[in-house]
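The values are calculated or read from the model by the stated rules, or taken from the named source; none is laboratory data. Computed from a predicted structure; not experimentally measured. Backbone-built Cβ (ideal geometry, glycine too); neighbour counts: all protein chains shown.
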Amino acid sequence: MWLYSTPPRTAEPRAGDDEGNHEQRVAEANPAALLAINGAHGNLSNAKAARDDLVEQVVRVASRARPSAPIEARSG
């Protein structure tokens with residue numbers, strides 16, 4: 001027994017599809033799937049921005065740091 005009156009539609013990629021056509025069929029077949037895809041894209045964008053900010057901070061701090069004195073080899 002289906003939870004809905006009709007069985008769920010599939011949104012398989014078709015030959016000759018571009019990304020927009022496939023995403024449109026995904027949205028028609030399952031709007032929640034499109035929301036999840038868009039959320040994942042947003043999370044990835046946020047992660048990349050956070051990574052770029054962190055790299056920028058590390059470079060800024062490293063450029064202000066003094067080079068440490070070389071460690072001399074101990075003879076013994």
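Does region 50-71 include one or more residues that are modelled with pLDDT of 75 or more, surrounded by 10 or more Cβ atoms within 10 Å (Cβ to Cβ) and small (G, A, S)?
The answer is yes; a qualifying residue exists.
I'd like to check something: does region 1-24 contain any residue that is of a type in the set (G, A, S) and modelled with pLDDT under 60? Give the steps one after another, and end with the answer.
So the first thing to find is which residues in region 1-24 are of a type in the set (G, A, S), and the list is 5, 11, 15-16, 20.
Within this subset, residues satisfying the condition of being modelled with pLDDT under 60 are 5, 11.
Looking through region 1-24, at least one residue is of a type in the set (G, A, S) and modelled with pLDDT under 60.
Within the set of pairs 6 or more residues apart or between chains, which connect a residue that is in a helix (DSSP H, G or I) inside region 30-45 to a residue that is surrounded by 12 or more Cβ atoms within 10 Å (Cβ to Cβ) and not hydroxyl-bearing (S, T, Y) with Cβ atoms less than 8 Å apart?
As it stands, the answer is A33/A11; A33/V26; A33/A27; L34/E23; L34/V26; L34/A27; I37/E23; I37/V26, since those pairs meet every condition given.
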